[in-house]
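Below: one structure, written as structure tokens.
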Amino acid sequence: MAILVTGGAGFIGSHTVVELIQAGKEVVIVDNFSNSKPEVLNRIEKITGIRPILYQADLLDKPAIDKIFEEQNIEAVIHFAGFKAVGESVQKPLEYYHNNITGTLMLCQSMREHGCKKIVFSSSATVYGMNNPVPFKEGMPTSATNPYGYTKVMIEQILSDLYVADKEWSVILLRYFNPIGAHESGLIGEDPNGIPNNLLPYIAQVAIGKLPCLSVFGDDYDTVDGTGVRDYIHVVDLALGHLKAIDYSLSHTGVEAINLGTGNGTSVLQILHAFEKACGHSINYKIAPRRAGDIASCYADASKAKEMLDWEATRTIEDMCRTGWNFISKNPNGLE
Ligand code: WQD
């Protein structure tokens with residue numbers, strides 16, 4: 001019996017595949033390489049000694065997805081595949097809704113037709129929107145401020161309705177906070193296409209000299225130093241959370257939303273200085289206007305994951321910056 005990982009060549013997907021393999025699971029990856037590279041498969045093999053089965057396919061191509069279920073004995077799915085750039089989603093709403101929503105519908109239809117009713121979904125803290133108080137807790141109302149966020153809210157609803165219609169389903173909605181860092185080996189890590197949207201890959205590219213200066217989006221928020229506060233979580237801690245979630249899913253039915261965060265908030269300037277310690281030199285930055293859609297503070301109430309999955313994040317901000325710096329130092333031009 002195998003675990004199908006959609007988007008398994010991506011940043012979080014690849015780290016999760018490594019932990020699944022090292023926990024003895026058989027893994028099948030489906031990825032269209034729209035935001036990842038085939039080289040990741042070589043890196044996963046170098047780390048684990050095992051090369052997962054790969055299907056290069058798009059979730060919109062249902063016959064291709066059906067082929068996977070016909071050829072492989074899939075017992076559960078971890079669903080990462082989707083577009084995820086907030087700003088881009090505002091410019092390209094139709095592409096985001098079609099790719100993320102229709103792709104998920106094709107996947108779930110194929111799962112249902114082949115009797116596979118266990119799914120762990122890559123959701124996001126972005127579903128807590130701008131009106132909930134921190135720390136964010138799973139029972140809070142969800143909303144969005146951009147098409148990317150709406151795809152996460154809508155897919156959580158679709159999967160919840162699937163369980164209401166058929167109680168044999170197991171649905172786990174993992175709400176990630178801000179995943180950063182890299183595997184200790186430095187063989188896999190965050191390798192975005194083009195100019196990074198997110199803070200840490202941008203800081204890393206300034207640190208290595210690929211970009212000249214970080215723009216800090218606002219220093220007038222009601223936070224410890226005026227800059228945005230987020231709940232940064234080590235990507236390996238996040239991957240281990242998926243392992244716990246899939247094991248829970250295999251022995252339960254129902255729908256559960258679960259935060260995967262540390263419960264701690266760190267500001268932009270605090271993480272910038274932590275990265276300076278990791279790389280051993282100062283990082284050039286300037287204060288810039290706030291970014292539209294940003295909230296001041298976002299961090300998790302992480303108690304449900306501990307209670308339900310016996311999981312908690314253990315890696316520190318220093319671990320996240322050290323491993324992130326190690327990855328980009330070893331891969332200055334990304335995975336080639
Ligand atoms: C973090 C902080 C920025 C860049 C988003 C999505 C979330 C998930 C992670 C996909 C904020 C500040 C950033 C920069 C900056 N996406 N910043 N200069 O916005 O918390 O979350 O990415 O899985 O769903 O919502 O992450 O890294 O973009 O920003 O000052 O060049 O860094 O204002 O305070 P965010 P981020």
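The values are calculated or read from the model by the stated rules, or taken from the named source; none is laboratory data. Values in this document were obtained by computation on a predicted structure and should not be read as measured data. Don't worry about glycine lacking a Cβ; one is built from the backbone with ideal geometry, like all the others, and counts go over all protein chains shown. What goes into the accessible areas is simple: the full protein's heavy atoms, side chains included, and nothing from ligands, DNA or RNA. Shrake-Rupley method; radii C 1.70, N 1.55, O 1.52, S 1.80 Å.
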Per the filter on region 111-137, residues part of a loop (DSSP other than H, G, I, E, B), closer than 20 Å to Met308 by Cα and within 16 Å of the ligand (Cβ to nearest atom) are Pro135
Subset of region 201-214 [near the ligand (Cβ under 9 Å from one of its atoms) and either over 19 Å from Glu276 (Cβ atoms) or open to solvent by 30 Å² or more (accessible area, probe 1.4 Å) (or both)] = Tyr202
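Rundown of residues vs (1) at pLDDT 95 or above; (2) open to solvent by less than 40 Å² (accessible area, probe 1.4 Å), yes/no style:
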{"residue": "Ser110", "(1), (2)": "yes, yes"}
{"residue": "Cys116", "(1), (2)": "yes, yes"}
{"residue": "Ser122", "(1), (2)": "yes, yes"}
{"residue": "Val134", "(1), (2)": "yes, no"}
{"residue": "Asn146", "(1), (2)": "no, yes"}
{"residue": "Lys152", "(1), (2)": "yes, yes"}
{"residue": "Ile158", "(1), (2)": "yes, no"}
{"residue": "Val164", "(1), (2)": "yes, no"}
{"residue": "Gly181", "(1), (2)": "yes, yes"}
Residue pairs within 7 Å by beta carbon, gap of at least six or interchain, first lying in region 291-315 and more than 16 Å from the ligand (Cβ to nearest atom) and of a type in the set (A, V, I, L, M), second open to solvent by 40 Å² or more (accessible area, probe 1.4 Å) and in a strand (DSSP E or B), listed first then second, are Met308/Glu256
Out of region 133-161, which residues are under 15 Å from Gly103 (Cβ atoms) and touching a Cys at 6+ places or on another chain (Cβ under 9 Å)?
-> Ile158, Leu159
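Considering only residues of region 184-200 that are without any contact (Cβ under 8 Å) to a residue 40 or more places away in the chain and within 16 Å of the chain's Cα centre (by Cα), which is nearest to the ligand (Cβ to nearest atom)?
In the first step, residues of region 184-200 are kept if they are without any contact (Cβ under 8 Å) to a residue 40 or more places away in the chain; the result is 194-196, 198.
With within 16 Å of the chain's Cα centre (by Cα) added as a condition, the list becomes 196, 198.
Details: Pro196: 7, Asn198: 3 Å.
That would be Asn198.
From Gln91, Gln22, Gln56, grab the single residue that is surrounded by fewer than 18 Cβ atoms within 10 Å (Cβ to Cβ) and under 18 Å from Thr151 (Cα atoms).
Details: Gln22 fails: under 18 Å from Thr151 (Cα atoms); Gln56 fails: under 18 Å from Thr151 (Cα atoms).
The conditions single out Gln91.
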When Pro38 is evaluated against the numbered criteria (1) modelled with pLDDT of 95 or more; (2) open to solvent by 30 Å² or more (accessible area, probe 1.4 Å); (3) farther than 19 Å from Asp58 by Cβ, which criterion, by number, is the only one it fails?
-> (3)
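Residues of region 225-277 being in a strand (DSSP E or B), in contact with a Lys or Arg (Cβ under 7 Å, 6 or more places away or on another chain) and either of a type in the set (Gly, Ala, Ser) or free of Cβ contacts under 8 Å to residues at least 40 places away in the same chain (or both), which ones?
Keep residues of region 225-277 that are in a strand (DSSP E or B), which gives 229-230, 232-234, 254-260, 266-267.
Next cut, in contact with a Lys or Arg (Cβ under 7 Å, 6 or more places away or on another chain) only: 234, 257-260, 266.
Result: Ala257, single match.
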